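Below: the structure, in structure tokens.
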Amino acid sequence: DKSLNAVYGDAFDFLQSQPDNSACGISAFHFIEHIDFKGILNLISQSYRIIKPGGVLIFETPNIANIFVGFYDFFRDFSHISHIHPETLEFVVRYGGFLNAECFFVTEFQKLIPFKSYKFDTLDDYIKAPRDLALIAYKPLTINK
């Protein structure tokens with residue numbers, strides 16, 4: 001209705017159909033928890049292929065470091081499949097070729113708190129941790145082969 005370019009269909013079929021280096025960025029908000037780890041690796045690989053050098057990759061997913069999210073709320077949605085730890089997500093995105101992959105906690109005021117700066121010293125820290133996690137990473141400007 002708003003004349004936006006939207007496509008309804010399978011995300012992986014859509015990504016597969018996109019030309020190399022054709023997008024400035026790719027975002028997936030509350031998607032990766034609905035696919036298995038093999039799917040997450042495929043999403044990273046396809047994103048790397050499609051994103052132009054210097055482009056951005058953004059994922060947002062439930063923050064499983066928050067005890068209520070990781071052990072309770074996550075399972076309210078039967079289509080949730082994958083818990084993924086922030087450090088694991090950073091690692092697999094870097095392994096997929098992206099640079100400066102960093103996870104942030106997303107506060108209720110849309111403020112980003114770097115995961116690495118958040119202290120988990122007490123049980124209360126796990127209870128009060130923000131409920132959402134965002135990963136931001138960049139495709140290198142030049143590719144070394």
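Ser82's amide H: which non-local residues (gap 5+, or another chain) put their own amide H closer than 5 Å, with H modeled 1.01 Å from N in plane and none for Pro or chain starts?
Amide H neighbours of Ser82, under 5 Å, 5+ apart: His34, Ile35.
What does DSSP give for the chain in terms of the percent of beta bridges that are antiparallel, rounded to the nearest 5? Display every interim value, and only then the final one.
Working: 16 of 22 bridges.
Taking every DSSP beta bridge within the chain, about 75 percent pair in antiparallel fashion.
For segment 106-122, just list the computed ³J(HN,Hα) in residue order, Karplus coefficients 6.51, -1.76 and 1.60, θ = phi - 60°, integers in Hz, with x standing in for Gly and Pro.
Working through the residues one at a time gives 9, 7, 5, 9, 6, 8, 9, 10, x, 3, 5, 8, 7, 9, 10, 9, 9 Hz.
Over 30 Å between Cα atoms: which of Lys2/Lys128; Lys52/Lys119; Lys111/Lys139; Lys2/Lys38; Lys38/Lys139 fall into that group?
Numbers: Lys2/Lys128 38 Å; Lys52/Lys119 35 Å; Lys111/Lys139 24 Å; Lys2/Lys38 35 Å; Lys38/Lys139 21 Å.
Beyond 30 Å between Cα atoms: Lys2/Lys128; Lys52/Lys119; Lys2/Lys38.
With every protein chain kept in place and ligands, DNA and RNA left out, what is the accessible area per residue of the chain? Probe 1.4 Å, answer in Å². Display every interim value, and only then the final one.
Numbers: 9180 Å² over 145 residues.
With all protein chains present, the chain gives 63 Å² per residue.
Only sites in a loop by DSSP and with at most 11 other Cβ atoms within 10 Å count here; which GluC sites (Glu not before Pro) in segment 52-142 make the cut?
Numbers: sites: Glu60, Glu87, Glu90, Glu102, Glu108; in loops: Glu108.
Counting only loop positions with at most 11 other Cβ atoms within 10 Å, the GluC sites (Glu not before Pro) in segment 52-142 are Glu108.
What are the ³J(HN,Hα) values, in whole Hz, obtained from phi via the Karplus relation 6.51 cos²θ - 1.76 cosθ + 1.60 with θ = phi - 60°, for each residue of segment 64-80 in sequence order, with x given for Gly and Pro?
6, 6, 7, 4, 5, 6, x, 10, 9, 4, 3, 8, 5, 9, 5, 8, 6
Rounded to the nearest 500 deg cm²/dmol, what is the calculated helix-only ellipticity per residue at 222 nm for the chain, with -39500 (n - 2.57) per DSSP H run of length n ≥ 4?
Taking each H run of at least 4 residues, the total per residue is -8000 deg cm²/dmol.
Name the residues whose placed amide hydrogens come within less than 5 Å of the amide hydrogen of Asn63, ignoring near sequence neighbours (fewer than 5 apart) on the same chain.
Close amide H contacts, sequence-distant or interchain: Asp132, Leu133.
So what are the ³J(HN,Hα) numbers for segment 91-104, from phi and the Karplus equation (6.51, -1.76, 1.60; θ = phi - 60°), rounded to whole Hz, Gly and Pro as x?
Working through the residues one at a time gives 4, 5, 6, 5, 4, x, x, 6, 10, 6, 5, 9, 9, 9 Hz.
Can you tell me the length gained on complete extension of the stretch Phe91 to His30, counting 0.36 nm per residue apart and subtracting the Cα distance?
On the way: separation 61, 0.36 × 61 = 21.96 nm, distance 1.90 nm.
Computed gain between Phe91 and His30 is 20.1 nm.
List every residue whose amide H lies under 5 Å from the amide H of Ser27, counting only residues 5 or more places away in sequence or on a different chain, with H placed 1.01 Å from N in the peptide plane.
For Ser27, whose amide H was placed from the backbone, the distant partners under 5 Å are Ile58.
With a Förster radius of 30 Å, plug the Cβ-Cβ distance of Lys119 and Ser79 into 1/(1 + (r/R0)^6) and report the FRET value to the nearest 0.05.
On the way: r = 32 Å, r/R0 = 1.08.
For Lys119 and Ser79, the calculated efficiency is 0.40.
Which chymotrypsin sites (Phe, Trp or Tyr not before Pro) from segment 1-109 combine a DSSP loop assignment with at most 15 other Cβ atoms within 10 Å?
Working: sites: Tyr8, Phe12, Phe14, Phe29, Phe31, Phe37, Tyr48, Phe59, Phe68, Phe71, Tyr72, Phe74, Phe75, Phe78, Phe91, Tyr95, Phe98, Phe104, Phe105, Phe109; in loops: Tyr8, Phe31, Tyr72, Phe78, Phe98, Phe109.
Of the chymotrypsin sites (Phe, Trp or Tyr not before Pro), the ones in loops of segment 1-109 whose Cβ has at most 15 other Cβ atoms within 10 Å are Tyr8, Phe31, Tyr72, Phe78, Phe109.
Hey, quick one: spin label on Tyr72, modelled 7 Å out along Cα-Cβ, who in segment 108-134 has an amide N within reach, i.e. under 16 Å?
123-132
Counting only protein heavy atoms, what percent of the accessible surface of the chain is carbon or sulfur at a 1.4 Å probe? Intermediate values should be presented prior to the final figure.
On the way: 5300 of 9180 Å².
Roughly 58 percent of what the probe reaches on the chain is carbon or sulfur.
Express in whole angstrom the spacing between the alpha-carbon centres of segment 23-47 and segment 72-110.
Here the answer is 10 Å between Cα centres.
The values are calculated or read from the model by the stated rules, or taken from the named source; none is laboratory data. The shown structure was predicted, so the numbers you read here are calculated from the model rather than taken from an experiment. Because the Cβ atoms are built from the backbone with ideal geometry, glycine has one as well, and the counts that use them run over all protein chains shown. These accessible areas exclude ligands, DNA and RNA; they are computed on the full protein's heavy atoms, side chains included. Shrake-Rupley method; radii C 1.70, N 1.55, O 1.52, S 1.80 Å.
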